[in-house]
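A quick write-up on the structure given underneath.
The values are calculated or read from the model by the stated rules, or taken from the named source; none is laboratory data. Remember, predicted model here, so these are calculated numbers, not experimental data. Note that we place each Cβ from the backbone using ideal geometry, even for glycine, and neighbour counts take in every protein chain shown. Each accessible area value is taken on the protein alone, full model and side chains, heavy atoms only, with ligands, DNA and RNA left out. Shrake-Rupley method; radii C 1.70, N 1.55, O 1.52, S 1.80 Å.
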Amino acid sequence: TGISIDNLAPDTPEMFSGSFDGAQVNLSWNSSSEPDLLGYSIYRDGEHYGDAITNSFIDTQLPNLPMLSYTITANDVNGNESSQTEELSLLIYIDGDINTDFTLNVLDVVLLMEHILNFSPLEDTTYADLNDDAIVNVLDVIILVNLILDMNGGE
């Protein structure tokens with residue numbers, strides 16, 4: 001008779017991808033076929049950040065940083081952890097956040113109006129064209145004001 005100790009790490013998750021949709025980061029990867037799989041560990045900027053039992057994870061607690069990096073590992077029931085996936089770096093931004101402080105507020109409205117009135121033109125209008133019509137104008141201001149009101153319960 002004898003015993004067997006499982007000290008073999010699961011395979012590293014494959015096809016790791018992610019996207020930023022304006023309010024959250026969506027991560028996904030192929031499910032592991034390990035029979036003793038317990039789940040997955042999510043690392044953000046090199047630190048353990050969370051865990052998942054399925055092959056996806058949604059990060060809604062985004063810090064005030066322009067870029068976030070993620071990796072994933074697989075874990076089995078015996079405490080073995082796979083190698084980390086290759087790092088996935090994502091540019092984080094909020095539509096309408098003209099000054100890129102990760103907060104929508106009246107300052108963004110002022111900066112957008114200064115651009116429209118040609119007082120202080122923006123070099124990059126990526127976050128300013130809220131209706132995606134390739135023109136930054138008063139319609140974008142209206143959308144931005146509505147976004148800010150919605151975030152504050154209409155007040």
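How many percent of the accessible area of the chain is carbon or sulfur, using a 1.4 Å probe? Write down the numbers at each step before the final one.
On the way: 4910 of 9410 Å².
Percent of accessible area from carbon and sulfur atoms in the chain: 52.
Quick one: angle between helix 106-116 and the longest Cα principal axis of the chain, in degrees between 0 and 90, rounded to 10, please.
Compared with the principal axis, the helix lies near 60 degrees.
For helix 138-151, what angle does its Cα long axis make with the longest principal axis of the chain, in degrees from 0 to 90 and rounded to 10?
Value to nearest ten degrees: 50.
Could you sort the peptides 28-34, 95-101 by per-residue average Cβ neighbour count (10 Å cutoff), highest mean leading? Intermediate results must be reported in sequence, preceding the final value.
Working: 28-34: 16.1, 95-101: 18.3.
My ranking of the peptides, most packed first, is 95-101, 28-34.
For the chain, what does -39500 (n - 2.57) per DSSP helix run (n ≥ 4), summed and divided by total residues, give at 222 nm, in deg cm²/dmol to the nearest 500?
Numbers: 2 runs with 25 residues, N = 155.
Rounded to the nearest 500, the figure is -5000 deg cm²/dmol.
For Cα Rg over 2.2 N^0.38 Å, the listed values are [x] 0.95; [y] 1.13; [z] 1.44; which was obtained by calculation from the structure presented?
Of the listed options [x] 0.95; [y] 1.13; [z] 1.44, [z] comes from this structure.
Taking the Cα centre of segment 67-110 as the origin, how large is its charge dipole in debye, to the nearest 20, when only Lys and Arg (+1) and Asp and Glu (-1) carry charge on their Cβ atoms? Before the final figure, lay out the partial values.
On the way: 0 positive and 8 negative charges, 6 e Å.
In total the dipole reaches around 20 debye.
Treating only the Cβ atoms of Lys and Arg (+1) and Asp and Glu (-1) as charged, compute the dipole magnitude of the chain about its Cα centre; round to the nearest 20 debye. Present the calculation step by step, with values, prior to reporting the outcome.
Details: 1 positive and 27 negative charges, 33 e Å.
About 160 debye.
Taking K and R as +1 and D and E as -1, what net charge do the other residues with C-beta under 15 Å from the C-beta of residue 69 add up to? Intermediate values should be presented prior to the final figure.
Details: positive: 44; negative: 45, 47, 59, 86, 87.
That sum, taken over residues with Cβ under 15 Å, equals -4.
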